[in-house]
């Protein structure tokens with residue numbers, strides 16, 4: 001296994017989605033904080049409760065505003081025409097729809113519940129799974145350059161042979177995950193749970209742990 005954890009100041013890290021505090025999200029949406037939290041708790045505004053604290057994706061809120069403008073109130077991120085966030089589909093159906101939406105140009109797939117999804121062998125460059133639950137999924141041999149897994153549950157997930165150049169795993173849980181033979185070039189980890197990770201044969205260069 002080749003290891004080199006030294007960073008370089010000349011390399012610019014890829015930008016990721018900005019995570020907003022409730023008062024910042026309220027200002028972004030032009031709401032009071034109470035109105036924002038009421039809408040979020042009613043399921044009408046996308047947010048995530050992390051360790052008892054609410055956080056909001058600026059990209060998610062931007063998409064929410066656009067879809068509100070086009071479709072009015074409700075839960076537009078569950079609209080079948082706008083994203084693969086179906087609650088009742090099987091895992092296989094969810095994965096298929098994500099792949100279809102990706103191939104149609106979509107890149108942002110936040111807050112998914114898709115344990116055990118199979119994405120093996122695909123090109124998913126730049127995909128963003130912010131705060132998704134992908135436990136037990138397979139990304140074997142997948143091109144995941146610049147992919148974002150910030151805050152994801154990736155326990156027992158396989159990235160064997162995947163290209164994770166410039167991928168971002170900050171605050172994710174990768175306990176028991178498989179990175180055998182993966183390309184970890186400038187990959188950002190700094191995860192919240194690392195136990196049992198397999199790095200055998202991984203090519204590690206300028207990664208951040």
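The values are calculated or read from the model by the stated rules, or taken from the named source; none is laboratory data. All values derive from a computational prediction rather than experimental measurement. Quick reminder, even Gly has a Cβ in these numbers, built from the backbone with ideal geometry, and neighbours come from all protein chains shown.
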Residue in the stretch 21-37 that is outside any helix (DSSP H, G or I), at pLDDT 85 or above and under 24 Å from residue 149 (Cβ atoms) present: yes
Exclusive hit being closer than 25 Å to residue 194 by Cα and at pLDDT 85 or above, set 152, 49: 152
Odd one out for residue 76 among (1) modelled with pLDDT of 85 or more; (2) over 30 Å from residue 198 (Cβ atoms): (1)
Selection within the stretch 111-142 - more than 18 Å from residue 90 (Cα to Cα), touching a residue at least 40 places away in the same chain (Cβ under 8 Å) and assigned to a loop (DSSP other than H, G, I, E, B): 130, 131
Positions within the stretch 144-161 being over 23 Å from residue 59 (Cα atoms) and in contact with a strand residue (DSSP E or B) (Cβ under 7 Å, 6 or more places away or on another chain), in sequence order: 155, 158, 159, 160
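Go through the stretch 1-20 and count every residue that is part of a loop (DSSP other than H, G, I, E, B) and at pLDDT 50 or above.
3
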Where residue 102 falls short, out of the listed (1) in a loop (DSSP other than H, G, I, E, B); (2) at pLDDT below 95: (1)
Residues of the stretch 168-202 classified as outside any loop (DSSP other than H, G, I, E, B) and free of Cβ contacts under 8 Å to residues at least 24 places away in the same chain, total: 6
Meets criteria (farther than 30 Å from residue 164 by Cα and at pLDDT 85 or above) for residue 71: no
